[in-house]
Amino acid sequence: MPVLNERAYLRRAVESVLAQQVPGPLELILALAPSSDGTEAVAAELAAEDPRVRLVHNPAADIPVGLNLAIRAGAHPIIVRVDAHSELDPGYTVRALATLRRVGAANVGGVMRADGRTPFQRAVARAYNSPIGLGGGAYHVGAREGEAESAYLGVMRRDVLEEVGLFDESIRRGEDWELNLRIRQAGHVVWFDPQLAVTYWPRDSWTRLVRQFFATGRWRGELVRRYGRTNSVRFFAPPALVAVLGAATVVGLLQVTRVLTGVWAWLAAVVYLPIVAYAMLVGGVAAGRGGGTGWRDKLWTLAVLPTMHVAWGAGFLVGTVRGADDTVDTSRLDGRNTPLP
């Protein structure tokens with residue numbers, strides 16, 4: 001479990017792991033980044049309370065670095081990746097182990113079931129759980145059991161991880177997708193089991209959400225630079241939206257300043273049609289069951305969906321052009337840009 005500034009979530013996340021009934025020894029290794037909210041004190045308390053909890057320090061603060069430190073510190077043949085913002089369902093690990101054996105997979109993942117504690121966080125959770133919000137990946141909205149492109153978190157065989165070289169420490173976001181790509185390229189199976197579920201607590205403020213999605217989008221742009229067409233088509237929808245919004249802004253300015261007039265102004269106005277269609281789609285989702293109950297829920301959903309899409313799409317375009325080597329997800333940091341050197 002990589003950990004950074006998770007004081008409000010860490011204890012419940014750890015308790016959900018330690019409550020797993022596993023037919024064999026279990027250890028939980030926390031890879032501690034330099035936090036500023038007292039998380040490290042909570043981690044020390046948890047380690048003192050249960051000898052199965054072990055601590056390793058991750059001064060680099062990058063997730064893949066922390067994951068590799070924890071994996072190398074572990075002693076067992078199965079690696080269960082867990083997250084400090086998540087809680088495992090009872091029976092998650094036993095089910096995943098059975099699925100690994102049953103299908104002969106190298107990595108098994110399930111459904112990310114987002115939830116929230118505040119109206120804003122619940123709106124973000126609804127967006128996560130909607131095919132409109134995050135593009136319909138199996139682990140966000142559920143799907144039939146079968147082979148998958150990637151896996152949320154993942155229950156993995158150590159021998160396969162060592163074979164492909166663990167997580168790529170040069171990738172700060174999207175490291176799980178890239179790892180699963182190498183696992184599949186090595187001839188192994190990545191498997192989705194919809195009976196596996198993990199509760200995920202998304203970002204709890206608008207600014208944190210924007211920072212998270214911009215960084216994630218920029219790293220997806222970097223992955224497109226590195227791997228090209230191996231990226232799913234769905235990743236290109238948000239940057240297409242941002243490009244259309246930019247084109248519409250330019251056209252609107254040219255029309256207002258009378259640079260475009262007459263038939264050319266009418267022809268250029270076709271750029272508004274995708275935006276109208278998008279607005280109708282988001283409005284329909286917010287007004288329907290996917291928007292929650294009550295007008296406040298629906299207004300939050302109406303604000304959250306475009307925020308996620310535009311922030312992610314803008315990050316993607318920047319990452320595709322400039323790369324993402326200097327980009328850090330700062331959405332869990334308080335008052336600082338980054339803890340990294």
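The translational diffusion coefficient of the stretch 200-260, from Stokes-Einstein at 25 °C and 0.890 mPa s with a Kirkwood hydrodynamic radius over alpha carbon pairs, comes to 173 µm²/s. For the chain, a Gaussian network of Cα nodes joined below 10 Å ranks A98, A31, A13 by mean-square fluctuation, and the top entry is A98. Taking Cα centre as origin and charging only the Cβ of basic (Lys, Arg, +1) and acidic (Asp, Glu, -1) residues, the dipole magnitude of the stretch 168-289 rounds to 220 debye. Considering only Y9, A248, G187, the residue lying farthest towards the positive end of the dipole of the chain is A248, judged by Cα position with unit charges set on Cβ.
Over every Cα atom in the stretch 150-217, the radius of gyration and the widest Cα-Cα span, Dmax, amount to 14.4, 41 Å. For the stretch 1-42, a Kirkwood hydrodynamic radius built from all Cα pairs, placed in the Stokes-Einstein relation at 20 °C and 1.002 mPa s, yields a translational diffusion coefficient of 192 µm²/s.
For the stretch 81-190, how big is the tail of P(r) above 23 Å, as a whole percent of Cα pairs? The answer is 31 percent, as a whole percent.
Under a 5 Å amide H cut-off, with hydrogens placed 1.01 Å from N, R54 pairs with L28, I29, L30 among residues at least 5 apart or on other chains.
Backbone geometry of the stretch 267-279 corresponds, through the Karplus equation with coefficients 6.51, -1.76 and 1.60 at θ = phi - 60°, to 3J(HN,Hα) couplings of 5, 5, 5, 4, 5, 6, 4, x, 5, 4, 4, 5, 4 Hz, x marking Gly and Pro. Between the amide H of A197 and those of D89, V111, distances stay under 5 Å, these residues lying 5 or more places away or on another chain, with hydrogens modeled in the peptide plane. For the stretch 90-218, the share of DSSP beta bridges that are antiparallel, to the nearest 5, is 35%. Overall size of the stretch 1-160 from C-alpha positions, given as principal axis extents largest first: 41, 40, 28 Å. In the chain, a dipole from Cβ-located charges (positive for Lys and Arg, negative for Asp and Glu) runs towards its positive end, and of G290, F214, S35 it is G290 whose Cα lies farthest in that direction. Beta bridges from DSSP with both residues in the chain: antiparallel share about 40 percent, rounded to the nearest 5. For the stretch 1-86, what class follows from the C-alpha gyration tensor (a ≥ b ≥ c being the square roots of its eigenvalues): rounded when a/c is under 1.5, otherwise prolate if a/b is larger than b/c, else oblate? Note, shape of the stretch 1-86 comes out oblate. Solvent-accessible area per residue in the stretch 1-134 equals 40 Å², computed with a 1.4 angstrom probe and all protein chains kept. Roughly speaking, to the nearest percent, how much of the chain's 1.4 Å accessible area is carbon and sulfur? Carbon plus sulfur share of accessible area: 61 percent. Working note: Karplus 6.51/-1.76/1.60 with θ = phi - 60° gives the stretch 164-172 the couplings 8, x, 6, 6, 6, 6, 8, 10, 8 Hz, where Gly and Pro are set to x. Taking amide H as placed 1.01 Å from N in the peptide plane, S36 has its amide H under 5 Å from the amide H of N5, each at least 5 places away in sequence or on another chain. Working from the Cα coordinates of the chain, the gyration tensor eigenvalues give, after taking √(5λ), semi-axes of 37, 21, 20 Å in decreasing order.
The values are calculated or read from the model by the stated rules, or taken from the named source; none is laboratory data. Just so it is clear, the model here is predicted, and its values are computed rather than measured. A quick note on method: Cβ atoms are made from the backbone with ideal geometry, for glycine too, and the neighbour counts reach across all protein chains shown. Ligands, DNA and RNA are stripped out before the accessible areas are found, and what is left, the full protein with its side chains, is counted by its heavy atoms. Shrake-Rupley method; radii C 1.70, N 1.55, O 1.52, S 1.80 Å.
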